[in-house]
1. Going by the structure shown, is B:Val166 loosely packed, with under 13 Cβ neighbours inside 10 Å, modelled with pLDDT of 90 or more and of a type in the set (A, V, I, L, M)?
2. Give the residue, chosen from C:Val40, C:Val51, that is surrounded by fewer than 18 Cβ atoms within 10 Å (Cβ to Cβ), in contact with a Gly (Cβ under 7 Å, 6 or more places away or on another chain) and away from chain B (no Cβ under 13 Å).
3. Given the conditions (1) without any contact (Cβ under 8 Å) to a residue 24 or more places away in the chain; (2) within 12 Å of chain C (Cβ to nearest Cβ), and given that A:Ala119 satisfies all but one, which numbered condition is not satisfied?
4. Residue check: is B:Ser29 under 15 Å from the mean Cα position of the chain (by Cα) and within 20 Å of B:Tyr197 (Cβ to Cβ)?
5. Give me the helices (runs of 4 or more DSSP H) completely within segment B:50-126, filtered to those with at least 2 residues that are within 13 Å of another protein chain (Cβ to nearest Cβ) and crowded, with 18+ Cβ neighbours inside 10 Å, ordered by residue number.
6. Going through C:Leu134, C:Leu125 one at a time, which residue ends up being more than 13 Å from chain B (Cβ to nearest Cβ), modelled with pLDDT under 90 and more than 18 Å from the chain's Cα centre (by Cα)?
7. Only one of B:Lys206, B:Lys159, B:Lys214, B:Lys121 is out of contact with any strand residue (DSSP E or B) (no Cβ under 9 Å at 6 or more places or on another chain), at pLDDT below 90, more than 22 Å from B:Pro39 (Cα to Cα) and not aromatic (Phe, Trp, Tyr). Can you tell me which?
8. Checking C:Pro87 against (1) more than 16 Å from C:Val45 (Cβ to Cβ); (2) at the interface with chain A (Cβ under 8 Å from one of its Cβ atoms), which single condition isn't satisfied?
Amino acid sequence: MTDNATPILRVEHLSVALGGRPILRDVSLDVDRGQLKVLIGPSGAGKSTLLQCINHLILPDAGTVSLEGRAVDAHRKADLYAFRQQVGMIFQEFNLFDHLDALSNVSIALRKVRGMSRAAARERAMAELERVGLSSRHALYPAQLSGGQKQRVAIARALAMDPKVMLLDEPTSALDPELVGEVLAVIRDLAKGGMTMVMATHQMDFARALANEIVFMERGAIIERGSPVELLAPGAGTRTQDFCSRLTDLCEESC
Amino acid sequence: MLDKLLVIWDALPYILEGSAVTIATVLGSLALGFCMGVPMAVAQVYGGRPVRYLVGLYVWFFRGMPILVLLFLFYFGLFQALDLNLSAFTASCLVLGMASAAYQSQIFRGSILALPQGQLKAARALGMSDGAAIRSIVLPQALRLSIPAWSNEYSILLKDSALAFVLGTPEIMARTHFVASRTYEHLPLYMTAGALYFIITLAGLKVLRHLERKTRIPGYAGYGI
Amino acid sequence: MFDPDFVFGEMLPALNRGLITSMMLIVPSATLGLLFGIIVGTGRVFGPAWVRKAGDIYTATFRGVPLVVQLMIIYFGLPNIGIYLEPFPAAVLGFVLCSAAYNSEYVRGALLSIRQGQLKAAQALGFSKLKTVLFIVVPQAVRRALPGCGNEIIYLIKYSSLAYVITCIELTGEGKVVAARSFRFTEVFLFVGAYYLFLVTLASWILHRVEQHFSIPGFGRAKQ
């Protein structure tokens, strides 16, 4: 039984080395229900790896991940698949299924993993597409969609599974600038609606406005963490702010 | 076991001479196929409807028939009917070349079509005639793009050249068959022949890969074909 | 020149007989060649290292050696080690082994062309490995492998004529016999050619229709 005091997602002492090189070093993180945690940091910091370790797309060498108090046993396939059904993931490169139209992309997991009937899955999928504003494009294939539309379909696909937590791995990094806004709008609505999310991003305005906590990572470890106000107030002198201002110089965003 | 190796050893010079004939056949057919295939491709892309239709017909005919049937049809049939007394070697080169032209024309056609439209437009804007533009702008690029597919054609032609033995051309296959029917050591002999074809294939592909690298145009990696 | 007695009395019956033999060669060879090619191609992508290596060697060998040499080895060579095959089974075996090598190449290319990210996305949604293969990999791989494998069947129609070389008398063989007997090579082989042209054209048309049926917008060549 979970109460509001227990974090909905708990990551404890996660470590992983890929190709002999340590990528994550003893990372621990707690996420409370309804929180939006934003991971920021330079490339190679391990943000993407951390997200993929949480849902075990990459198997950690050490450490545990617990959802609603229950630890995941990575070695029991059934446990793993059940866990993944409850954790949604959004990828930088969208990763829509090329051979299915938008509606089928959203409904396929409902049918093949959850076992819903075709009609029920279709209805649910249409509702999710409606939610992200793409119900009119349900019959289009990924190749016919813009980047922003693809990512919104990907979000609908993840939402259809009723996840308890959503992991977003730089969802707007692969998008042309003018398409970033439509995706951020959807993510903002999700946050306002109370979805628990862990998101890696370079979108500093967004993070500052909506994150409950910013987690700054570098070289596989968490260096700083705190609310946007704490870390990014003028004169705070934090590593986060330093990184952020360098980003600003590059992309001329206000930070 | 040793006597089998001796058989191969004795027969090797004789069979290796056949590889000269094989290579000559392949080169001759490739060349004929090239000389016919390029104009056919240009005609199909830039020509008028009757020309496109004729080329299409030729391609359909020569790609639709088995090589063996073409060899019989021409060597025992049409060439005799026309009173042409061609050697088996010449006839093989001609038939294989004509068939290859059909395939090569499609390779080059694909490459030409893969080039952006702008190339020809720019050439015309400079005042070049279409002929000059095709010769000095389109073809050099299209031919370079075709090298991978053309390498494939080389390897196919090499294998088809083995069929020339039914006409009596004294290439690898014919000679292996000759020795085998006298010594009854079919297995080791044909495996040797197979190894020989394999080596010639690899050598040729290596040469073509070298050619591809030497004529590489920067920015064209993975372009088109 | 055109002698109806010859054409209808002697040639066409022989050619039709040969055509039936050809079809009896082509159909099993194409089917088994495709099946075996899928198995080898899949093994070359998903199998353990030794399977991949063995598959690569098999494919390189059977694609690098002329089919006619392979047939000679099977029919004339195997008796040297005590394996005696009749012409027909020998021909089918040769066609299957060669065709499977080419098919494995197309299947392998198709499997490799599926972008890894989609597999990750499927896993993230909770798909098991088996379900990922069945519902995400296979539908895409089939579409990508279709042109190559389809063309391989068309090649098989033409190269079935090589059965003649190992004394399996199919369409080409019957033609040779009739032509040699009557000295009417041009006529006979024009007809033989016409038979093959018809088969090849029909097969190409069917392949084209199948490709169209399965086509998906934007799902063309493998993107690099």
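1. Against the criterion (loosely packed, with under 13 Cβ neighbours inside 10 Å, modelled with pLDDT of 90 or more and of a type in the set (A, V, I, L, M)), B:Val166 does not qualify.
2. Going through C:Val40, C:Val51 in turn, the sole match is C:Val51.
3. That leaves (2) as the condition not met.
4. On the way: under 15 Å from the mean Cα position of the chain (by Cα): yes; within 20 Å of B:Tyr197 (Cβ to Cβ): yes.
Considered against the rule, which asks whether it is under 15 Å from the mean Cα position of the chain (by Cα) and within 20 Å of B:Tyr197 (Cβ to Cβ), B:Ser29 comes out as yes.
5. Details: elements: B:67-71, B:88-114, B:118-125.
Ranges flagged: B:67-71, B:88-114.
6. The unique qualifying residue is C:Leu134.
7. None of the other options fit; the residue is B:Lys214.
8. Result: C:Pro87 fails condition (2) only.
The values are calculated or read from the model by the stated rules, or taken from the named source; none is laboratory data. The structure displayed is predicted, hence computed values, not measured ones. Backbone-built Cβ (ideal geometry, glycine too); neighbour counts: all protein chains shown.
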